[in-house]
Amino acid sequence: MSTLFRHLPSVAQVLAGLDADPDIAALPRPLVKEQINDFLDICREEIRSGVIVDAAALALPALMPRLTAFVRARSRPHFRRVLNATGVVIHTNLGRSVLARAAMEAVAEACAHYSNCEFDLTTGKRGSRYSHVEKILCDITGAEAALVVNNNAAAVLIMLETLARGREVIVSRGQLVEIGGSFRIPDVMAKSGAILREVGATNRTHIQDYERAIGDETAALMRVHTSNFRMVGFTKEVSLPEMRALGDRYGLPVIEDLGSGTLCDLAGHGLPGEPTVQQVVAQGADVVSFSGDKVLGGPQAGIIVGRKEYVERIKRNPLNRAVRIDKMTLAALEATLRLYLDMDTARREVPTLRMITASQDSLRSKARRLADAVRAELGDTAGVAMRKGFSRVGGGAFPEYDLPGTLVSVDVAGISAESLREALLNTDPPLVARIEDDTFLLDPRTLASSELKLAAGALRQAVDTIKDKS
Ligand SMILES: *Cc1c(COP(=O)(O)O)cnc(C)c1O
């Protein structure tokens, strides 16, 4: 055994061998050396444990294929593209919304050059960062004023801090939600310095509940979209027009955290009626916040629209500097919002909207192309079939609502759905799929047409890896 160790190539020899691969030659030297050392450590361990028993296996040409794959895999950037075959359109863990082409191009332009980010080209003096999106947000939503911050959590925090710090905000018990990722309305309220005044019962809140809670300390009435959960049965929430009327009677602002928010009425696409931002503004909410990267389909951002007096106060809040939106986001957001100037254009160009509103025919056709591609890669060893199934909007929008579509099931003899799922996490690119009742499923809704072949290729890599190991 000890003689075997002497047959291991040196780091310098390995490095020289690897340099023939242009991709590896382009990597930072220290990174490659570190991977080589790790690889040689693995070889030493395999000699010790008797996995490697002859010197021929340690010759550089024999080690090369495994070594190249090892160094490539370990030197990849950590942040990577992933194929989303889960059918969850707004998948927070997978980066939420895929941007429209126009938004992507605007980001590239904003990164590559200086810009008028905070510079007024009419005066040649310092300008406002919000100027790029304020007018278009007002035009689309009908609001008097607008600003944007880092995300909707920050939007809620700064609305409350500005309008209600040290005073009470009245919220229905049915709306004290946890969105996930540790965003809970009572906690955010506490962090803002506002005092939560909860009213009503878990399932039912009446206008009188709000009215009885109003006192000298009241700063605002607040409504929160329940997002990722839905209450059914004997329930009641107070409508926005009723809240508006109550606010008017007592001179109190009405704050609305819409969560996802949508600028485009999706009721025509079979989705349950959700008020659009435009409707909420028209019904008299004073300040409304929603996310840039949920149903809107833009970059991560928190959008605040509403009455000028309140929005201007929020803009002047020093906290605003800490939750400031960056130039790449601004560029992407403006480009996305421009698509909404025509709703048909938005539905066609914004990937999130396109995926949510995809027709049954287009989903069936995409499933067929995906199934064909998978069959072409896996051959007769795999059972590939199309079946009716459901996708989800995700991102807390349209909770518990199933989007009907066509899925592709894949069954490879001798390989469990779970091991296939696991192996797909290490393919290039990785693919995230779904398992239902022990069946491995691909949902084509969240794969672009250009990704169908890549998905099939990933399956092939996964199956090959599993077979190599056994
Ligand atoms: C998603 C959501 C948030 C948080 O928005 P982010 O953009 O994730 O920061 C806040 N409130 C509600 C109701 C939500 O659904």
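The values are calculated or read from the model by the stated rules, or taken from the named source; none is laboratory data. A quick note: this is a predicted structure, and the numbers were derived from the prediction, not measured. A quick note on method: Cβ atoms are made from the backbone with ideal geometry, for glycine too, and the neighbour counts reach across all protein chains shown. Surface areas here come from the heavy atoms of the whole protein model, side chains and all, with no ligands, DNA or RNA. Shrake-Rupley method; radii C 1.70, N 1.55, O 1.52, S 1.80 Å.
Observations on the structure shown:
- Selection status of Pro404, part of a loop (DSSP other than H, G, I, E, B), open to solvent by 10 Å² or more (accessible area, probe 1.4 Å) and at pLDDT 95 or above: no
One line per residue, one yes/no per condition, for (1) assigned to a helix (DSSP H, G or I); (2) in contact with a helix residue (DSSP H, G or I) (Cβ under 6 Å, 6 or more places away or on another chain):
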site	(1), (2)
Asp38	yes, no
Ile47	yes, yes
Val51	no, no
Arg66	yes, no
Val71	yes, yes
Ile90	no, no
Asn93	yes, no
Ala103	yes, yes
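- Glu377 among the acidic types (Asp, Glu) and within 16 Å of the ligand (Cβ to nearest atom): no
- Residue tally, condition of a type in the set (D, E, K, R), open to solvent by less than 70 Å² (accessible area, probe 1.4 Å) and within 39 Å of the chain's Cα centre (by Cα), over region 19-67: 3
- When Asp443, Asp411 are checked against the criterion of being of a type in the set (Asp, Glu) and open to solvent by 60 Å² or more (accessible area, probe 1.4 Å), Asp411 stands alone in meeting it.
- Residue match in region 449-469 (condition: open to solvent by 20 Å² or more (accessible area, probe 1.4 Å) and in a loop (DSSP other than H, G, I, E, B)): no
- Here Pro275 fulfils each of the conditions (1) open to solvent by 10 Å² or more (accessible area, probe 1.4 Å); (2) more than 15 Å from the ligand (Cβ to nearest atom); (3) of a type outside the set (D, E, K, R); (4) in a loop (DSSP other than H, G, I, E, B) apart from (2).
- Per-region count, region 222-250, residues under 30 Å from the mean Cα position of the chain (by Cα) and either buried (at least 19 other Cβ atoms within 10 Å of the Cβ) or under 24 Å from Glu161 (Cα atoms) (or both): 7
- Residue within region 238-258 that is within 16 Å of the ligand (Cβ to nearest atom), in contact with a Lys or Arg (Cβ under 8 Å, 6 or more places away or on another chain) and part of a loop (DSSP other than H, G, I, E, B) present: no
Results for (1) under 21 Å from Tyr340 (Cβ atoms); (2) within 12 Å of the ligand (Cβ to nearest atom); (3) in a helix (DSSP H, G or I); (4) out of contact with any strand residue (DSSP E or B) (no Cβ under 7 Å at 6 or more places or on another chain), shown as yes or no for each residue.
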position: Thr122; (1), (2), (3), (4): no, no, no, yes
position: Arg129; (1), (2), (3), (4): yes, no, no, yes
position: Leu147; (1), (2), (3), (4): yes, no, no, no
position: Ala155; (1), (2), (3), (4): yes, yes, yes, no
position: Ile179; (1), (2), (3), (4): no, yes, no, yes
position: Pro186; (1), (2), (3), (4): no, no, yes, no
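- Of the listed requirements (1) within 11 Å of the ligand (Cβ to nearest atom); (2) open to solvent by 10 Å² or more (accessible area, probe 1.4 Å), Ser291 misses just one: (2).
- Checklist (1) over 24 Å from the mean Cα position of the chain (by Cα); (2) more than 15 Å from the ligand (Cβ to nearest atom) applied to Ala285, failing item: (2)
- Leading residue by the ranking (farthest from Ala376 (Cα to Cα)) among those in region 420-440 that are open to solvent by 40 Å² or more (accessible area, probe 1.4 Å) and over 25 Å from the mean Cα position of the chain (by Cα): Asp437
Conditions (1) at pLDDT below 95; (2) touching a Leu at 6+ places or on another chain (Cβ under 7 Å); (3) under 18 Å from Glu118 (Cα atoms), marked per residue:
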site	(1), (2), (3)
Ala282	no, no, no
Val288	no, yes, no
Val295	no, no, no
Gly298	no, yes, no
Ile304	no, yes, no
Ile325	no, no, yes
Ala331	no, no, yes
Leu337	no, yes, no
Leu341	no, no, no
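- Residues that are open to solvent by less than 40 Å² (accessible area, probe 1.4 Å) and under 24 Å from the mean Cα position of the chain (by Cα), drawn from region 251-265: Glu256, Asp257, Leu258, Gly259, Ser260, Gly261, Thr262, Leu263, Cys264
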